[in-house]
1. Just checking: which of the helices (runs of 4 or more DSSP H) contained wholly in region 83-192 hold 3 or more residues that are touching a strand residue (DSSP E or B) at 6+ places or on another chain (Cβ under 6 Å) and under 30 Å from ASN218 (Cα atoms)?
2. Just give me the residues in region 115-132 being surrounded by 15 or more Cβ atoms within 10 Å (Cβ to Cβ) and of a type in the set (Asp, Glu), in sequence order.
3. Tally time: how many residues in region 87-113 are out of contact with any Lys or Arg (no Cβ under 7 Å at 6 or more places or on another chain) and either among the small types (Gly, Ala, Ser) or within 24 Å of SER164 (Cα to Cα) (or both)?
4. Which one of these is surrounded by 16 or more Cβ atoms within 10 Å (Cβ to Cβ), not acidic (Asp, Glu), not assigned by TED's automatic domain parsing to the domain that holds CYS162 and not in a helix (DSSP H, G or I): VAL64, VAL77, VAL35?
5. For the subset of region 200-221 comprising residues that are touching a residue at least 24 places away in the same chain (Cβ under 8 Å) and part of a loop (DSSP other than H, G, I, E, B), which member is surrounded by the most Cβ atoms within 10 Å (Cβ to Cβ)?
6. Can you confirm whether region 133-151 contains a residue that is surrounded by 18 or more Cβ atoms within 10 Å (Cβ to Cβ), in contact with a Leu (Cβ under 6 Å, 6 or more places away or on another chain) and of a type outside the set (Phe, Trp, Tyr)?
7. Test each condition in (1) closer than 28 Å to ALA154 by Cα; (2) surrounded by fewer than 16 Cβ atoms within 10 Å (Cβ to Cβ) for ARG190 and report the one that comes out false.
8. Only one of ASP56, ASP66, ASP24 is of a type in the set (D, E, K, R), free of Cβ contacts under 8 Å to residues at least 40 places away in the same chain and closer than 14 Å to LEU147 by Cα; which?
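The values are calculated or read from the model by the stated rules, or taken from the named source; none is laboratory data. Since the model is a prediction, treat every value here as computed from it, not as a measurement. Neighbour counts run over all protein chains shown; Cβ positions are idealised from the backbone, glycine included.
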Amino acid sequence: MEGLIGGQEGVLCLLDDVLITGRDDAEHAARLRAVLQTLQEAGLTLQREKCEFYKDEVNYLGYVIDSEGIHPAPSKVESIVNTPAPKNKRELQAFLGLYNFYERFIPHKATIFEPLHRLLDSSQTWTWSEREQSSFDMAKSLLAFDLTLVHYDANKPVVLTCDSSEYGVGAVLSHEMEDGQERPIAMASRTLHAHERRYSQLDKEATSIMFGIKKFHNYLMGRNFRIITDHKPLLGIFNPKKPMSNMLSPRLTRIAIALMSHDYEII
(Lines give C-alpha, C1' and ligand atoms only; values in the text may rest on other atoms or scores of the structure.)
Protein backbone atom coordinates (compact mmCIF):
# COMPACT_ATOMS: atom_id res chain seq x y z
CA MET A 1 0.00 0.00 0.00
CA GLU A 2 2.78 2.42 0.90
CA GLY A 3 4.49 1.86 -2.44
CA LEU A 4 1.21 2.47 -4.24
CA ILE A 5 0.06 5.75 -2.68
CA GLY A 6 2.77 6.76 -0.18
CA GLY A 7 4.41 9.13 -2.63
CA GLN A 8 1.31 11.24 -3.23
CA GLU A 9 1.40 14.73 -1.75
CA GLY A 10 -0.30 15.05 1.62
CA VAL A 11 -0.68 11.28 2.03
CA LEU A 12 0.81 9.19 4.84
CA CYS A 13 0.64 5.44 4.77
CA LEU A 14 1.83 2.67 7.08
CA LEU A 15 0.64 -0.81 6.14
CA ASP A 16 -3.13 -0.35 5.72
CA ASP A 17 -3.39 2.85 7.81
CA VAL A 18 -3.81 5.77 5.40
CA LEU A 19 -3.98 9.44 6.38
CA ILE A 20 -4.91 12.08 3.79
CA THR A 21 -4.35 15.72 4.73
CA GLY A 22 -5.42 19.04 3.26
CA ARG A 23 -5.26 22.71 4.19
CA ASP A 24 -8.93 23.13 3.28
CA ASP A 25 -11.88 21.05 2.07
CA ALA A 26 -11.06 21.55 -1.61
CA GLU A 27 -7.45 20.39 -1.30
CA HIS A 28 -8.50 17.49 0.91
CA ALA A 29 -11.16 16.41 -1.60
CA ALA A 30 -8.69 16.55 -4.51
CA ARG A 31 -6.16 14.40 -2.66
CA LEU A 32 -8.87 12.00 -1.54
CA ARG A 33 -10.05 11.54 -5.13
CA ALA A 34 -6.48 10.92 -6.29
CA VAL A 35 -5.97 8.22 -3.66
CA LEU A 36 -9.31 6.53 -4.37
CA GLN A 37 -8.62 6.55 -8.10
CA THR A 38 -5.20 4.95 -7.55
CA LEU A 39 -6.71 2.26 -5.34
CA GLN A 40 -9.51 1.61 -7.83
CA GLU A 41 -7.06 1.24 -10.71
CA ALA A 42 -5.09 -1.26 -8.61
CA GLY A 43 -8.26 -3.29 -7.97
CA LEU A 44 -8.32 -2.55 -4.23
CA THR A 45 -11.39 -1.81 -2.13
CA LEU A 46 -11.96 -0.17 1.26
CA GLN A 47 -14.34 -0.98 4.09
CA ARG A 48 -16.62 2.03 4.44
CA GLU A 49 -17.19 1.56 8.16
CA LYS A 50 -13.45 1.85 8.80
CA CYS A 51 -13.12 5.14 6.91
CA GLU A 52 -13.49 8.64 8.34
CA PHE A 53 -13.73 11.74 6.15
CA TYR A 54 -13.28 15.50 6.68
CA LYS A 55 -12.17 15.22 10.30
CA ASP A 56 -10.71 18.24 12.12
CA GLU A 57 -8.79 15.89 14.41
CA VAL A 58 -7.58 12.32 13.94
CA ASN A 59 -5.81 9.74 16.08
CA TYR A 60 -3.09 8.20 13.95
CA LEU A 61 -0.38 5.75 15.02
CA GLY A 62 -0.19 7.03 18.60
CA TYR A 63 -0.55 10.72 17.73
CA VAL A 64 -3.39 13.22 17.71
CA ILE A 65 -3.16 15.41 14.60
CA ASP A 66 -5.20 18.58 14.16
CA SER A 67 -4.88 22.04 12.64
CA GLU A 68 -2.62 23.19 15.49
CA GLY A 69 -0.05 20.43 15.01
CA ILE A 70 0.85 17.00 16.33
CA HIS A 71 0.28 15.86 19.91
CA PRO A 72 1.05 12.61 21.75
CA ALA A 73 -2.08 10.48 22.17
CA PRO A 74 -3.31 11.02 25.76
CA SER A 75 -3.92 7.30 26.30
CA LYS A 76 -0.33 6.48 25.33
CA VAL A 77 1.06 9.25 27.52
CA GLU A 78 -1.00 8.04 30.47
CA SER A 79 0.36 4.52 30.14
CA ILE A 80 3.95 5.84 30.16
CA VAL A 81 3.41 8.29 33.03
CA ASN A 82 1.81 5.54 35.14
CA THR A 83 4.68 3.12 34.58
CA PRO A 84 6.26 2.16 37.92
CA ALA A 85 10.00 2.42 38.45
CA PRO A 86 11.79 -0.51 36.79
CA LYS A 87 13.29 -3.26 38.93
CA ASN A 88 15.81 -4.58 36.41
CA LYS A 89 17.44 -3.79 33.06
CA ARG A 90 14.76 -5.57 31.06
CA GLU A 91 12.00 -3.42 32.57
CA LEU A 92 14.10 -0.28 32.02
CA GLN A 93 14.62 -1.18 28.36
CA ALA A 94 10.86 -1.66 27.97
CA PHE A 95 10.18 1.78 29.47
CA LEU A 96 12.78 3.47 27.27
CA GLY A 97 11.31 1.77 24.21
CA LEU A 98 7.88 3.21 24.98
CA TYR A 99 9.28 6.65 25.77
CA ASN A 100 11.43 6.84 22.64
CA PHE A 101 8.27 6.82 20.53
CA TYR A 102 7.70 10.42 21.65
CA GLU A 103 11.32 11.57 21.89
CA ARG A 104 10.87 14.30 19.29
CA PHE A 105 8.60 16.10 21.77
CA ILE A 106 11.26 16.20 24.50
CA PRO A 107 14.16 18.71 24.53
CA HIS A 108 17.49 17.50 25.95
CA LYS A 109 16.22 13.94 26.26
CA ALA A 110 19.72 12.46 25.98
CA THR A 111 20.97 14.52 28.92
CA ILE A 112 17.94 13.78 31.08
CA PHE A 113 18.18 10.05 30.36
CA GLU A 114 21.97 9.76 30.79
CA PRO A 115 21.77 8.03 34.21
CA LEU A 116 19.27 5.52 32.81
CA HIS A 117 21.22 4.80 29.63
CA ARG A 118 24.41 4.34 31.64
CA LEU A 119 22.62 1.79 33.82
CA LEU A 120 22.03 -0.36 30.71
CA ASP A 121 25.75 -0.63 30.00
CA SER A 122 26.86 -4.25 30.13
CA SER A 123 29.61 -3.33 32.60
CA GLN A 124 27.15 -1.75 35.04
CA THR A 125 25.49 -3.68 37.83
CA TRP A 126 21.87 -2.81 38.59
CA THR A 127 21.71 -0.04 41.20
CA TRP A 128 18.58 2.13 41.33
CA SER A 129 19.55 5.19 43.36
CA GLU A 130 18.02 8.63 43.87
CA ARG A 131 19.85 9.81 40.73
CA GLU A 132 18.14 7.25 38.50
CA GLN A 133 14.79 7.85 40.18
CA SER A 134 15.13 11.60 39.64
CA SER A 135 15.88 11.07 35.94
CA PHE A 136 12.93 8.68 35.65
CA ASP A 137 10.53 11.10 37.36
CA MET A 138 11.70 14.09 35.32
CA ALA A 139 11.24 12.17 32.07
CA LYS A 140 7.66 11.31 32.96
CA SER A 141 6.85 14.84 34.14
CA LEU A 142 8.04 16.33 30.83
CA LEU A 143 5.79 14.00 28.87
CA ALA A 144 2.82 14.95 31.04
CA PHE A 145 2.83 18.53 29.72
CA ASP A 146 0.50 19.58 26.90
CA LEU A 147 3.00 19.01 24.10
CA THR A 148 2.43 20.26 20.57
CA LEU A 149 4.66 20.21 17.51
CA VAL A 150 3.47 22.60 14.81
CA HIS A 151 3.15 21.54 11.18
CA TYR A 152 6.08 22.47 8.97
CA ASP A 153 5.27 25.37 6.65
CA ALA A 154 7.75 26.19 3.88
CA ASN A 155 6.56 29.82 3.94
CA LYS A 156 7.43 30.44 7.60
CA PRO A 157 10.91 31.33 8.94
CA VAL A 158 12.83 28.39 10.39
CA VAL A 159 15.04 28.48 13.47
CA LEU A 160 17.51 25.79 14.58
CA THR A 161 18.44 26.11 18.26
CA CYS A 162 21.41 23.99 19.33
CA ASP A 163 22.94 23.28 22.71
CA SER A 164 25.21 20.81 24.48
CA SER A 165 25.79 19.54 27.99
CA GLU A 166 28.32 17.34 29.72
CA TYR A 167 26.54 14.23 28.46
CA GLY A 168 24.66 15.09 25.27
CA VAL A 169 23.81 17.40 22.41
CA GLY A 170 20.38 18.62 21.40
CA ALA A 171 18.62 20.60 18.70
CA VAL A 172 15.17 22.14 18.37
CA LEU A 173 13.73 22.97 14.95
CA SER A 174 11.13 25.74 15.19
CA HIS A 175 9.00 28.13 13.19
CA GLU A 176 9.04 31.82 14.00
CA MET A 177 5.35 32.68 14.10
CA GLU A 178 3.64 35.93 13.15
CA ASP A 179 3.68 37.09 16.79
CA GLY A 180 7.45 36.60 17.00
CA GLN A 181 7.26 33.50 19.18
CA GLU A 182 9.06 30.29 18.26
CA ARG A 183 7.00 27.10 18.10
CA PRO A 184 8.78 23.73 17.83
CA ILE A 185 8.44 21.53 14.76
CA ALA A 186 10.61 18.75 16.16
CA MET A 187 13.25 18.15 18.81
CA ALA A 188 16.18 15.75 18.85
CA SER A 189 19.10 14.84 21.06
CA ARG A 190 21.73 12.17 21.46
CA THR A 191 24.20 11.08 24.09
CA LEU A 192 27.81 12.07 23.55
CA HIS A 193 30.20 9.19 22.94
CA ALA A 194 32.96 8.64 25.49
CA HIS A 195 35.59 10.40 23.38
CA GLU A 196 33.21 13.31 22.64
CA ARG A 197 32.74 13.96 26.35
CA ARG A 198 36.41 14.92 26.45
CA TYR A 199 35.86 17.68 23.88
CA SER A 200 36.24 21.31 24.87
CA GLN A 201 32.98 23.19 25.39
CA LEU A 202 33.59 24.95 22.08
CA ASP A 203 33.79 21.64 20.23
CA LYS A 204 30.74 20.25 22.04
CA GLU A 205 28.66 23.26 21.04
CA ALA A 206 29.88 22.97 17.44
CA THR A 207 29.02 19.27 17.49
CA SER A 208 25.48 20.15 18.57
CA ILE A 209 25.11 22.38 15.50
CA MET A 210 26.38 19.63 13.20
CA PHE A 211 23.99 17.18 14.86
CA GLY A 212 21.03 19.51 14.29
CA ILE A 213 21.99 20.15 10.66
CA LYS A 214 22.19 16.42 9.94
CA LYS A 215 19.09 15.50 11.92
CA PHE A 216 16.87 18.06 10.19
CA HIS A 217 18.59 18.00 6.80
CA ASN A 218 15.33 17.45 4.92
CA TYR A 219 13.85 20.63 6.39
CA LEU A 220 16.94 22.84 6.05
CA MET A 221 18.54 22.03 2.72
CA GLY A 222 17.76 24.54 -0.01
CA ARG A 223 16.17 27.19 2.21
CA ASN A 224 17.25 29.99 4.52
CA PHE A 225 17.23 29.39 8.27
CA ARG A 226 18.67 30.85 11.45
CA ILE A 227 20.97 29.01 13.86
CA ILE A 228 20.82 30.01 17.53
CA THR A 229 23.65 29.09 19.90
CA ASP A 230 24.43 30.37 23.38
CA HIS A 231 28.18 29.85 22.81
CA LYS A 232 29.25 33.21 21.42
CA PRO A 233 32.70 32.21 20.07
CA LEU A 234 30.88 30.17 17.41
CA LEU A 235 29.29 33.33 16.00
CA GLY A 236 32.59 34.41 14.51
CA ILE A 237 33.82 30.94 13.59
CA PHE A 238 30.69 29.97 11.64
CA ASN A 239 29.65 33.40 10.36
CA PRO A 240 28.77 32.72 6.68
CA LYS A 241 29.71 36.30 5.72
CA LYS A 242 33.29 35.94 6.95
CA PRO A 243 36.10 33.89 5.38
CA MET A 244 36.93 30.68 7.23
CA SER A 245 39.95 31.05 9.49
CA ASN A 246 42.98 28.90 8.71
CA MET A 247 43.62 28.63 12.45
CA LEU A 248 40.64 26.35 13.15
CA SER A 249 41.10 22.84 14.45
CA PRO A 250 40.46 20.01 11.96
CA ARG A 251 37.15 19.25 13.70
CA LEU A 252 35.85 22.82 13.49
CA THR A 253 37.12 23.09 9.92
CA ARG A 254 35.09 20.03 8.88
CA ILE A 255 31.95 21.47 10.47
CA ALA A 256 32.53 24.90 8.89
CA ILE A 257 32.92 23.29 5.46
CA ALA A 258 29.73 21.26 5.96
CA LEU A 259 27.82 24.44 6.84
CA MET A 260 28.92 26.11 3.60
CA SER A 261 26.32 24.12 1.66
CA HIS A 262 23.53 25.78 3.67
CA ASP A 263 21.88 29.21 3.55
CA TYR A 264 21.88 30.37 7.16
CA GLU A 265 22.56 33.11 9.67
CA ILE A 266 23.93 32.40 13.13
CA ILE A 267 23.11 34.40 16.26
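1. Fully inside region 83-192 and qualifying: 109-112.
2. GLU132, the sole residue that qualifies.
3. So the count comes out to 16.
4. Among VAL64, VAL77, VAL35, only VAL64 is surrounded by 16 or more Cβ atoms within 10 Å (Cβ to Cβ), not acidic (Asp, Glu), not assigned by TED's automatic domain parsing to the domain that holds CYS162 and not in a helix (DSSP H, G or I).
5. PHE216
6. Checked region 133-151: at least one residue is surrounded by 18 or more Cβ atoms within 10 Å (Cβ to Cβ), in contact with a Leu (Cβ under 6 Å, 6 or more places away or on another chain) and of a type outside the set (Phe, Trp, Tyr).
7. (2)
8. Going through ASP56, ASP66, ASP24 in turn, the sole match is ASP66.
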